[in-house]
1. So how do TYR135, TYR130 line up by other beta-carbon neighbours within 10 Å, fewest first?
2. Near the amide H of ASP93, under 5 Å away, which other amide H atoms are found, from residues 5 or more places off or on another chain, if H is placed in the peptide plane?
3. Taking θ as phi - 60°, what are the ³J(HN,Hα) couplings along region 85-95 by the Karplus curve (6.51, -1.76, 1.60), each to the nearest whole Hz, with x for Gly and Pro?
4. Kindly write out, for region 63-80 in residue order, the coupling ³J(HN,Hα) from the Karplus curve 6.51 cos²θ - 1.76 cosθ + 1.60 (θ = phi - 60°), rounded to whole Hz, with x marking Gly and Pro.
5. Given H placed on each backbone N at 1.01 Å, which residues far from HIS33 in sequence or on other chains put an amide H within less than 5 Å of it?
6. Long-range amide H contacts for LEU56: which residues qualify at under 5 Å (H placed 1.01 Å from N, peptide plane, sequence gap of 5 or more or a different chain)?
Amino acid sequence: MRILAVDPGEKRIGLALSDPTGTIANPLIVLNHVSRFIDAAQIATLAGEHGVGRILVGATADEDGQLTPQGRSASRLATAIRAQTSLPVELWDESGSTQAARQASIALDVSAYKRRRQGHGHLDEFAATYILQTYLDSHPSQFEDVA
């Protein structure tokens, strides 16, 4: 079963897709934020095109486990996605995903110039991939019989 991860942002939305075995997360695309309804429709359409069985939406929480303002916005996006598809839509903790994305771009030897310009979507893709990979790593047993 493929899983689609969503890293919602104020300007861009990073998307990542798992392989069919649910083992490896890969960057998919970065969408420009338009409106919650249009964003949800685009995400639902992409999920259908890629044969996705579940959608994860990254949401940040504070140290008490309460959603931050960005987390509440992500929750509203998840609700809008649910209105567009019958697929299960789940919130997943995205804490640290942007920092992990920055570290990944450094590890992948992306030049300092390109890292400075990553306001153009590259970190969004890496953050969505990080969110999805943390989910896949914490749920390995649900994919054992899929091949």
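1. Neighbour counts put them in this order, fewest first: TYR135, TYR130.
2. ALA59
3. Along region 85-95, the couplings run 8, 8, 5, x, 10, 10, 7, 9, 4, 9, 3 Hz.
4. Per residue, the Karplus-derived 3J(HN,Hα) values read 5, 8, x, 8, 5, 6, x, 5, x, 5, 4, 4, 5, 5, 5, 4, 4, 5 Hz.
5. Amide H neighbours of HIS33, under 5 Å, 5+ apart: ARG12, ILE13.
6. LEU4, ALA5, VAL6, GLU90
Values quoted throughout were computed directly from the atomic coordinates according to the rules given, and no laboratory measurement underlies them. A quick note: this is a predicted structure, and the numbers were derived from the prediction, not measured. As a convention, Cβ positions derive from the backbone with ideal geometry for all residues, glycine included, and neighbour counts pool all protein chains shown.
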